[in-house]
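To start, the structure under review is shown below, and the notes come after it.
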Amino acid sequence: MAAYGDRANLLTIYISEAHAADTWPLGMKVCYNQTHHLEDRAKVAQDFIRDNQYEFELVLDEPPKNAFDSLFAAWPLRFYVIEKKRLTFICEPYGEYILITDLNKFFDLRFSGKK
């Protein structure tokens, strides 16, 4: 996604835990309980940034309100493109995964000037 950084503001919004140990465990290697307080979510996000060497801007969807999640019915495997306060693209998951190429194709078309 860094290839589009000069033309798009890329922002990650850290929402609730997808498969928290106390709500929907999948026996994953890294497992946290669901976060209900901003401090807890910040700790999990810091671990994510460190463990994945994540370099993009990341903000938190503040619990317990979870405004972004509530507004967009967010899922961890989904990308949204918002342009001029309008939702223009949602990258939907294919089962348990997403194809980042779907988002790349959208940006390629958007920035090529083609409709």
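Do any residues in the range 82-110 that are touching a residue at least 12 places away in the same chain (Cβ under 8 Å) and part of a loop (DSSP other than H, G, I, E, B) have Cβ atoms under 8 Å from those of residues that are surrounded by 14 or more Cβ atoms within 10 Å (Cβ to Cβ) and of a type in the set (Val, Ile, Thr), where the two are at least six apart or on different chains, and which pairs are they?
Every condition considered, the pairs that remain are 92/98.
I'd like the full set of residues that are in a loop (DSSP other than H, G, I, E, B) and within 12 Å of residue 11 (Cβ to Cβ), limited to the range 53-75.
Correct list: 56, 61.
So which of 85, 65 is on the phi > 0 side of the Ramachandran plot and at pLDDT 80 or above?
85
Here are some conditions: (1) surrounded by fewer than 13 Cβ atoms within 10 Å (Cβ to Cβ); (2) modelled with pLDDT under 90; (3) under 16 Å from the mean Cα position of the chain (by Cα); (4) over 18 Å from residue 100 (Cβ atoms). Residue 56 meets all but one. Which one does it not meet?
(4)
Can you find a residue that is of a type in the set (Gly, Ala, Ser), surrounded by 15 or more Cβ atoms within 10 Å (Cβ to Cβ), modelled with pLDDT of 75 or more and within 19 Å of residue 78 (Cα to Cα) anywhere in the range 1-13?
Within the range 1-13, none of the residues are of a type in the set (Gly, Ala, Ser), surrounded by 15 or more Cβ atoms within 10 Å (Cβ to Cβ), modelled with pLDDT of 75 or more and within 19 Å of residue 78 (Cα to Cα).
May I ask you to list the residues in the range 69-81 that are within 21 Å of residue 3 (Cα to Cα) and either loosely packed, with under 12 Cβ neighbours inside 10 Å or in contact (Cβ under 8 Å) with a residue 12 or more places away in the chain (or both)?
Within the range 69-81, 77, 78, 79, 81 qualify.
Identify, please: which residue in the range 96-115 is at pLDDT below 85 and among the hydroxyl-bearing types (Ser, Thr, Tyr) and is, among those, farthest from residue 80 (Cα to Cα)?
112
The values are calculated or read from the model by the stated rules, or taken from the named source; none is laboratory data. Just so it is clear, the structure is predicted and the values come from calculations on it, not from any experiment. Cβ atoms come from the backbone with ideal geometry, glycine included; neighbour counts cover every protein chain shown.
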